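*Asks:* Here it is: the structure, laid out below.
Just so you know, all these numbers are worked out from the coordinates, no wet-lab data involved. Quick caveat: nothing in here was measured; it's all calculated off a predicted structure. Cβ: placed from backbone, ideal geometry, glycine included. Neighbour counts: every protein chain shown.
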Amino acid sequence: MIGQFDVTNGEVALRARDVVVEYKRKHMPSVRALAGMSLDVLRGQVHGLVGESGCGKSTLGRAATGLVEVTSGSIDFEGKTVEPLGLRPRPRHFRRLQMIFQNAHASLNPRRTVGDQLADALLRSHDTPPPDRDRRISVALERVGLPEAASKRYPSDFSGGQRQRICVARSLVAEPTVIIADEPISALDASAQAQISNLLAELARDLGIGILFISHDLAIVRQVADVVTVMYLGKVVESASTDQLWSRPLHPYSEALIAAAPAHDGLGTLPEALAGDIPDPAVPPTGCRFHPRCKHAFEICPVEEPALLDVGEGRRCACWLHTEAHRAGGDGPQAPGGSSGGLVS
């Protein structure tokens, strides 16, 4: 246990509501990396966030920590709005919101010892006298499976997996209630991937930390996540418990992702199970954004965008196939003007 860590599971610690992040471009259409994104991260829970490359996963993670400015909507951490990082020091309240990046080597200073870098993180978040500081650094290193002697060494003395453990320890000294883990295992070998993923799951369970686990590796997400949110072109298309999603995916995109998981090439492309390329986010398709690649598309799909609805059992889905009218046994949703929704040819 680090300090007097308050273990409180089940509380919403990070809440995103209708978040839009728009990038302006000169003489070109702006790009909406996030186009109305909503999710909750609960303490004691690993929340997986998945989707193809370019869907906006990392943008949400960066917006949640203030590294990217939100165009509209809101992100709240423990009831307080997350503001973009600026010149003014951030209130210490937000030091409990930590981020672990993909490239551990780049996020550590090669010229400073591990202990010094953990001490910096501790000083930014707590007024801690030196003897207590050393103890807490030692406890954090032990918690991630590294010896106390690691504090005297430099990042280059460690393997890639060990460097990522150091980054986890650096986040732990701040006593976080939420950790944003942005592709934290993609640069590691298979053995280290499993170890780091399991470590994060243990921290969620044992310390009551909410972890937003951003990844393109569905096999790892299935192993460690309690709930999963599936993104496509800046929007949520489905959210469910891990067991629900893998046993019965509702959205055609979720179904294709899961079907392709064993043959995943690590780049977010799914050539065998999902036809077509990801559309340009600057000019997204009308209606349902997924309809050009969907084998179930109805006439209404290119015309009207489905809302993200509660479909029971704590699940949410944004698909015309799962509207009440369709589930009641009709031929499909009604298109504007009263025509029935047959399959798009």
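*Asks:* Taking neighbour Cβ counts within 10 Å as the exposure measure, how do GLU304, GLU52 sort from fewest upward?
*Replies:* Fewest-to-most Cβ neighbours within 10 Å comes out as GLU304, GLU52.
*Asks:* Report the label-to-label distance for GLU69 and GLU313 in nanometres (one decimal), using points 7 Å from each Cα along the Cα→Cβ vector.
*Replies:* Each label point lies 7 Å from its Cα, and together they span 4.4 nm.
*Asks:* Calculated from DSSP H runs of 4 or more alone, at -39500 (n - 2.57) each and per residue, what is the 222 nm mean residue ellipticity of the chain, nearest 500?
*Replies:* -8000 deg cm²/dmol, from helical runs alone.
*Asks:* Can you tell me the 0 to 90 degree angle between the C-alpha axis of helix 130-143 and the longest principal axis of the chain, rounded to 10?
*Replies:* Between the helix axis and the principal axis of the chain, the angle is about 50 degrees.
*Asks:* For the residues ARG111, ARG248, what sequence is obtained by ranking on other C-beta atoms within 10 Å, fewest first?
*Replies:* ARG111, ARG248
*Asks:* Determine, for each peptide in 309-320, 95-106, the mean count of other beta carbons within 10 angstrom over its residues, then list the peptides with the highest first.
*Replies:* Averaged packing, sorted descending, gives the order 95-106, 309-320.
*Asks:* Taking the Cα atoms only, what angle lies between the long axis of helix 190-207 and the longest principal axis of the chain, rounded to 10 degrees?
*Replies:* The helix 190-207 is inclined about 80 degrees to the chain.
*Asks:* If you place +1 on the Cβ of every Lys and Arg and -1 on the Cβ of every Asp and Glu, how big does the dipole about the Cα centre of the chain come out, in debye to the nearest 20?
*Replies:* My answer is approximately 1100 debye.
*Asks:* Stretched out fully, how many nm does the piece from HIS93 to LEU123 gain, at 0.36 nm a residue minus the Cα gap?
*Replies:* 9.4 nm
*Asks:* Right, something else. What FRET efficiency would be calculated for the residue pair GLU324, GLU304, taking the C-beta separation as r and a Förster radius of 22 Å, to the nearest 0.05?
*Replies:* Efficiency, rounded to the nearest 0.05: 0.90.
*Asks:* Pull out a ≥ b ≥ c, the square roots of the eigenvalues of the alpha-carbon gyration tensor of segment 58-160, then state rounded if a/c is under 1.5, prolate if not and a/b is larger than b/c, and oblate in the remaining case.
*Replies:* It comes out prolate by the Cα gyration axes.
*Asks:* Can you work out ³J(HN,Hα) from phi for every residue in segment 288-305, in order, using Karplus 6.51 cos²θ - 1.76 cosθ + 1.60 and θ = phi - 60°, giving whole Hz and x for Gly and Pro?
*Replies:* 5, 5, 8, 4, x, 10, 9, 6, 9, 4, 9, 4, 6, 4, x, 9, 9, 7
*Asks:* Compute the separation of the alpha-carbon centres of segment 5-53 and segment 104-162 and state it in Å as a whole number.
*Replies:* 29
*Asks:* I need the shape label for segment 23-113. Rule: rounded when a/c is under 1.5, else prolate if a/b > b/c, else oblate, with a, b, c from the alpha carbon gyration tensor.
*Replies:* rounded
*Asks:* Sticking with this one: Highest first, please rank the peptides 150-159, 19-28 by the mean number of other Cβ atoms sitting within 10 Å of their residues.
*Replies:* 150-159, 19-28
*Asks:* Additional query: May I ask for the angle, rounded to the nearest 10°, between helix 114-125 and the longest principal axis of the chain, with both axes built from Cα atoms and the value confined to 0 to 90°?
*Replies:* On a 0 to 90 degree scale, this one is about 70.
*Asks:* Can you tell me what share of the DSSP beta bridges in segment 12-236 is antiparallel? A percent to the nearest 5 is fine.
*Replies:* Taking every DSSP beta bridge within segment 12-236, about 55 percent pair in antiparallel fashion.
*Asks:* Quick one: what Rg and Dmax do you get for the chain from the alpha carbons, in Å?
*Replies:* 21.4, 74
*Asks:* So for the pair HIS27, GLU83, with labels modelled 7 Å out along Cα→Cβ, what separation do we get in nm?
*Replies:* Each label point lies 7 Å from its Cα, and together they span 3.7 nm.
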